[in-house]
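Working notes, structure below.
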Amino acid sequence: MALPYLASPGSVRTCLEKIQQASVPQRVTIDFIQSVLNIKGGTGSALVPFLKKIGFVSTDGTPTDFYKSFRNPMSGKKVMADAIRASYSDLGNVNEYFYNLNDNELKSLIVQVTGQKKDDSTIKLIFSTLKNLITFADFSLTENPELPITHQELETEAEHFSVGHKESLGLNLSYTINLNLPATNDQSVFNAIFKSLKENLLKND
């Protein structure tokens, strides 16, 4: 997959700022870019295919969930980070944290991934376009996603539940009690012994 870029990298900053301000159109067209966002000429025309490449616009021109969520100040920075991760995944395949690299390291990575010469104009355009996008992103919101629970963890939780469940019901124990009865014919003594036994040892709490 080719890395997305614009011939006028700074135009993406203007475009994204105006997208945040304008209403969501039914379709993102060249007319919308030029007339509503007021980005004229070839620069405006190039933005429609670029927005498709970064996942903001579907193939038929419909604004995607990325586009809509980006306009939300609460989710916009995370959405842009997700969009960059996806559309520049070739960089991420080599260095997961490519967005944290300094300028020279990022340019070198782009050279490595594209196979272009380091002084090729395309390298500069990809670099500048990406740097403009990064200003709208916060990658810290996507670096530590919750990991799915593994089967081992599920089994462990089930075991803990099973033990806890058994403990909550109590243990059923069987036992034998040997009594040394006194040598007496007084029935009241035996009654007292068995009454005490029942009250103190055979209680069912």
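The values are calculated or read from the model by the stated rules, or taken from the named source; none is laboratory data. All figures in this text were calculated on a predicted structure; none of them were measured in a lab. Here the Cβ positions follow ideal geometry from the backbone for every residue, glycine too, while neighbour counts run over all protein chains shown. When the accessible area is computed, the model is the full protein with side chains, heavy atoms only, and any ligands, DNA or RNA have been set aside. Shrake-Rupley method; radii C 1.70, N 1.55, O 1.52, S 1.80 Å.
Largest first, the residues LYS18, LYS77, LYS195 sort by 1.4 Å accessible area into LYS195, LYS77, LYS18. If the limit is 29 Å between Cα atoms, which of LYS77/LYS117; LYS68/LYS117; LYS78/LYS118; LYS52/LYS131; LYS18/LYS78 go over it? In this structure, LYS77/LYS117; LYS68/LYS117; LYS78/LYS118 exceed 29 Å between Cα atoms.
Ignoring ligands, DNA and RNA, what accessible area per residue does region 2-48 give at 1.4 Å, in Å²? Walk me through the numbers before you get to the answer.
Numbers: 2360 Å² over 47 residues.
Spelled out: the 1.4 Å probe surface of region 2-48, per residue, equals 50 Å².
Each other residue within a Cβ distance under 14 Å of VAL12 adds +1 if Lys or Arg and -1 if Asp or Glu, for a net charge of +4.
Here region 3-56 is treated with +1 on each Lys and Arg Cβ and -1 on each Asp and Glu Cβ, and its dipole about the Cα centre works out to around 80 debye.
Using the Cβ of ILE39 as centre and a radius below 13 Å, the other residues enclosed give a net charge of +1, where K and R count +1 and D and E count -1.
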